[in-house]
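Report on one structure; see the data block that follows.
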């Protein structure tokens with residue numbers, strides 16, 4: 001590990017980016033336990049300080065993909081949607097992607113959610129915590145594909161998908177910062193869904209990440225969304241930037257404009273039960289102020305997955321309530 005730390009951490013005049021192969025070897029050393037906690041923290045912090053290179057993101061992504069417990073890679077893409085929200089969750093606003101995913105799955109689009117709890121920088125409520133607060137179990141890794149085909153939606157924990165990556169949580173908590181791992185883990189696409197939607201926060205990263213993902217997943221539909229808190233959630237009060245699958249060569253984002261501004265989303269305590277109450281109310285209360293916003297999120301998922309040509313047609317295809325009992 002010392003050679004990788006020296007390469008990226010020498011300083012502004014001596015540091016360099018790791019190549020794809022070097023980054024993949026560094027990731028392998030970390031995941032195989034050949035790196036001490038101090039070395040792992042030093043490497044992650046040095047890469048963050050230097051700035052994450054495309055080659056470094058690609059190397060960690062490839063190594064993580066190769067170690068997924070779901071299936072050997074490569075395997076045929078599933079006609080499904082993978083939602084790559086940041087694993088550090090929500091701290092200000094409730095998740096819209098989870099209730100929208102439940103509606104989209106009821107319209108015939110299989111949806112894969114995944115995450116892990118207690119991660120920096122936000123330490124918020126993520127997919128797995130919210131899913132379990134709704135009374136829904138995260139499925140075992142061996143049952144993931146069959147459960148998806150049976151129920152139309154699954155939530156998977158990193159602890160079963162990639163346990164050696166999950167074991168890095170303590171180091172990440174001690175650093176308390178977003179690192180390269182945050183960017184990569186949400187893009188691992190554990191069931192190899194044909195359509196991927198991932199959130200992003202910083203615009204300069206978006207076009208770079210889009211190119212890396214399209215290189216890694218050449219046969220997939222990939223959309224990046226600059227949603228609330230870096231998630232894929234559409235903003236309630238303004239257009240939402242996104243990079244569609246057929247992004248133009250300039251790399252400039254498109255935007256989703258809603259027909260009207262919705263009331264501000266409530267600020268919830270970082271309590272999974274409070275977030276679960278919002279999800280239930282938004283889905284089951286037909287007078288809820290954000291019910292239509294959630295439905296437009298679900299329609300956006302259907303359009304991104306090429307199930308319908310327009311938001312208007314997708315809205316008509318949505319059920320009134322999710323098929324899973326909440």
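Read-outs: derived from the displayed coordinates by stated rules, not from any lab. These numbers were taken from a predicted model, which means no experiment stands behind them. Using ideal geometry, Cβ is built from the backbone for each residue, glycine included, and neighbour counts are taken over all protein chains shown.
Using only Cα atoms, figure out Rg for the range 2-66 and give it as a multiple of 2.2 N^0.38 Å.
Working: Rg = 10.8 Å, N = 65, 2.2 N^0.38 = 10.7 Å.
Cα-based Rg divided by the globular estimate yields 1.00.
Calculated FRET efficiency, residue 10 and residue 121, Cβ-Cβ r, R0 25 Å, to nearest 0.05?
Between residue 10 and residue 121 the formula returns 0.45.
Note the direction-averaged projected area, equal to a quarter of the hull surface, for the Cα convex hull of the range 1-158, in nm². Mind showing how you got there, number by number?
On the way: hull surface 42.8 nm².
Result: 10.7 nm².
What do you get for Rg/Rh over the chain if you use C-alpha atoms and the Kirkwood form of Rh? Present the calculation step by step, with values, prior to reporting the outcome.
Values: Rg = 19.1 Å, Rh = 20.0 Å.
Ratio of gyration radius to Kirkwood radius for the chain: 0.96.
For labels at residue 146 and residue 177 in the simple 7 Å Cα→Cβ model, what's the distance in nm?
The answer from the label model is 4.5 nm.
Using the 2.2 N^0.38 Å rule of thumb for compact globular proteins, work out how the range 163-292 stacks up: its C-alpha Rg over that value, please.
Working: Rg = 17.0 Å, N = 130, 2.2 N^0.38 = 14.0 Å.
Rg over 2.2 N^0.38 Å, computed on Cα atoms: 1.21.
Counting other C-beta atoms within 10 Å, which of 88, 281, 82, 32 has the fewest, and how do the rest follow? Please report the intermediate quantities before stating the final value.
Numbers: 88 24, 281 16, 82 27, 32 10.
Neighbour counts put them in this order, fewest first: 32, 281, 88, 82.
What is the helix-to-structure angle for 20-31, meaning the angle in degrees between its Cα long axis and the longest Cα principal axis of the chain, kept from 0 to 90 and rounded to the nearest 10?
The angle comes out near 80 degrees.
Would you order 165, 131 from fewest to most other beta-carbon atoms within 10 Å of each residue's own beta-carbon?
Working: 165 23, 131 27.
Fewest-to-most ranking of 165, 131: 165, 131.
Assuming R0 = 51 Å, what is the FRET efficiency of residue 48 and residue 273, from their Cβ-Cβ distance, to the nearest 0.05? Provide the component values of the computation, followed by the final result.
Values: r = 33 Å, r/R0 = 0.65.
Calculated value: 0.95.
How high is the relative contact order of the chain? Use alpha-carbon pairs under 8 Å, at least six apart in sequence, and give a whole percent. Mind showing how you got there, number by number?
Working: 623 pairs, mean separation 67.1, N = 326.
Reported relative contact order: 21 percent.
Among 287, 2, which comes first, second and so on when ranked by fewest other beta-carbon atoms within 10 Å?
Ranked by crowding around the Cβ, least crowded first: 287, 2.
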